[in-house]
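**Student:** Once you've had a glance at the structure underneath, I'll fire off some questions.
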Amino acid sequence: MENPVIIALDFENAKKTKAFLASFEGRSPYVKVGMELFYAEGASFVSWLKERNFRVFLDLKLHDIPTTVHKAMKVLGGLNIDMVNVHAAGGFAMMKAAKDGLIAAGAHQTKLIAVTQLTSTTEKVLKEELLIKDHNLNDCVSHYAKLAKHAGLDGVVCSVQEASSIKNVCGEDFLTVTPGIRLSGSETHDQARIATPAEAAMKKSDYMVVGRSITGAEEPVSIYNEIFNEWRESYENNRFQTLA
Ligand code: C5P
């Protein structure tokens, strides 16, 4: 069974990241490289990870005109990464251009997913700042997910709360990648909508993105294992109930 935990490497440089990864002693978990680390260290650090068999989700959330995104994806597609993303708010043509850019680079193995609405966006922000007044957050997320699917994308980043309704509208194979994961009773930090690994499995999240709970832990590997074990137990119980 594939381990669905993606560790968010939210570190300021390669030195700190390598020190953290050393605790995994030869294991190569799925990791997420975000803007901070990528802008600090560039593509060479992604290559360093790939040479050591880490699976890499490059979380750069591209959002620009279609031609620019196409060209940028053509470059990123050359990095042999496992997953990369764009903002669905860039629209259908931009998302399709992103997919075409990856294909032009021969990166057929790279999953392309879309950020629907950021988990930091509230109903109030949606209505008062973005002026999306006629739709609630859930409808907006579902609509963006459908648009992403029609543009040929492989899935979306969403909260656990949205994952099963997205599967309902976009199909079981459409990936749901969910941040905001916390073991029960642990620190929530600035995440507004959180869920436990057990809930993530129940609501059909394919991948859980976990940052501070693991990176800030005294024993990161044991928290990583705990998250996976809780997810696996819930996944297997759920599967059993579905089959029964
Ligand atoms: O530390 P924590 O587990 O909250 O980290 C979550 C990670 O997921 C961070 O890297 C954050 O940038 C990312 N993320 C998120 N919400 C989104 C998209 C990405 O928290 N909607």
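**Student:** For segment 42-53, state whether one or more residues are touching a residue at least 12 places away in the same chain (Cβ under 8 Å) and within 30 Å of residue 202 (Cα to Cα).
**Tutor:** Taking segment 42-53 and keeping what is touching a residue at least 12 places away in the same chain (Cβ under 8 Å), we get 43, 45-50, 52-53.
Restricting the remaining residues to those that are within 30 Å of residue 202 (Cα to Cα) gives 53.
Yes, because at least one residue in segment 42-53 is touching a residue at least 12 places away in the same chain (Cβ under 8 Å) and within 30 Å of residue 202 (Cα to Cα).
**Student:** Right, here's the next one. Could you check residue 67 against (1) modelled with pLDDT of 95 or more; (2) surrounded by 14 or more Cβ atoms within 10 Å (Cβ to Cβ) and say which number it fails?
**Tutor:** So the condition that residue 67 fails would be (2).
**Student:** Next question. Can residue 93 be described as surrounded by fewer than 22 Cβ atoms within 10 Å (Cβ to Cβ), more than 22 Å from residue 32 (Cβ to Cβ) and small (Gly, Ala, Ser)?
**Tutor:** Values: surrounded by fewer than 22 Cβ atoms within 10 Å (Cβ to Cβ): yes; more than 22 Å from residue 32 (Cβ to Cβ): yes; small (Gly, Ala, Ser): yes.
Against the criterion (surrounded by fewer than 22 Cβ atoms within 10 Å (Cβ to Cβ), more than 22 Å from residue 32 (Cβ to Cβ) and small (Gly, Ala, Ser)), residue 93 qualifies.
**Student:** Would you confirm whether any residue within segment 215-229 is within 9 Å of the ligand (Cβ to nearest atom) and touching a Leu at 6+ places or on another chain (Cβ under 8 Å)? Break it down into steps so the answer makes sense when it comes.
**Tutor:** Restricting attention to segment 215-229, the residues satisfying the condition of being within 9 Å of the ligand (Cβ to nearest atom) are 215-216.
With the extra rule that they be touching a Leu at 6+ places or on another chain (Cβ under 8 Å), the set shrinks to 215.
Yes, segment 215-229 has at least one match.
**Student:** Looking at 126, 147, 131, 112, which one is within 16 Å of the ligand (Cβ to nearest atom) and either assigned to a loop (DSSP other than H, G, I, E, B) or within 16 Å of residue 86 (Cβ to Cβ) (or both)? Lay out the reasoning, then the answer.
**Tutor:** Working: 126 fails: either assigned to a loop (DSSP other than H, G, I, E, B) or within 16 Å of residue 86 (Cβ to Cβ) (or both); 147 fails: within 16 Å of the ligand (Cβ to nearest atom); 131 fails: within 16 Å of the ligand (Cβ to nearest atom).
112 is the lone residue from the list that is within 16 Å of the ligand (Cβ to nearest atom) and either assigned to a loop (DSSP other than H, G, I, E, B) or within 16 Å of residue 86 (Cβ to Cβ) (or both).
**Student:** Considering only segment 158-183, how many residues are of a type in the set (Val, Ile, Thr) and surrounded by fewer than 19 Cβ atoms within 10 Å (Cβ to Cβ)? Before you say what the answer is, go through the steps one by one.
**Tutor:** First, pick out the residues of segment 158-183 that are of a type in the set (Val, Ile, Thr): 160, 166, 169, 176-178, 181.
With the extra rule that they be surrounded by fewer than 19 Cβ atoms within 10 Å (Cβ to Cβ), the set shrinks to 169.
Residues that pass the stated criteria total 1.
Table: residues versus (1) surrounded by 17 or more Cβ atoms within 10 Å (Cβ to Cβ); (2) not in a helix (DSSP H, G or I).
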{"position": "192", "(1), (2)": "no, yes"}
{"position": "200", "(1), (2)": "yes, no"}
{"position": "204", "(1), (2)": "yes, yes"}
{"position": "213", "(1), (2)": "yes, no"}
{"position": "218", "(1), (2)": "no, yes"}
{"position": "224", "(1), (2)": "yes, no"}
{"position": "228", "(1), (2)": "yes, no"}
{"position": "233", "(1), (2)": "no, no"}
{"position": "236", "(1), (2)": "no, no"}
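**Student:** Kindly indicate which of 1, 95, 35, 83 is within 22 Å of residue 148 (Cβ to Cβ) and away from the ligand (no atom under 16 Å from the Cβ).
**Tutor:** Values: 1 fails: within 22 Å of residue 148 (Cβ to Cβ); 35 fails: away from the ligand (no atom under 16 Å from the Cβ); 83 fails: away from the ligand (no atom under 16 Å from the Cβ).
Checking each option against the conditions leaves just 95.
**Student:** Tell me the strands (runs of 3 or more DSSP E) entirely within segment 1-82 that contain at least 2 residues that are within 19 Å of residue 181 (Cβ to Cβ) and in contact with a helix residue (DSSP H, G or I) (Cβ under 7 Å, 6 or more places away or on another chain).
**Tutor:** Numbers: elements: 5-8, 30-34, 56-62.
By residue number, 5-8, 30-34.
**Student:** Also, quick follow-up: Does residue 69 satisfy the criteria of being of a type in the set (A, V, I, L, M), in contact with a strand residue (DSSP E or B) (Cβ under 7 Å, 6 or more places away or on another chain) and farther than 25 Å from residue 208 by Cβ? Steps first, please.
**Tutor:** Details: of a type in the set (A, V, I, L, M): yes; in contact with a strand residue (DSSP E or B) (Cβ under 7 Å, 6 or more places away or on another chain): yes; farther than 25 Å from residue 208 by Cβ: yes.
Yes: the conditions hold for residue 69.
The values are calculated or read from the model by the stated rules, or taken from the named source; none is laboratory data. The structure displayed is predicted, hence computed values, not measured ones. All Cβ positions, glycine included, derive from the backbone under ideal geometry; neighbour counts span all protein chains shown.
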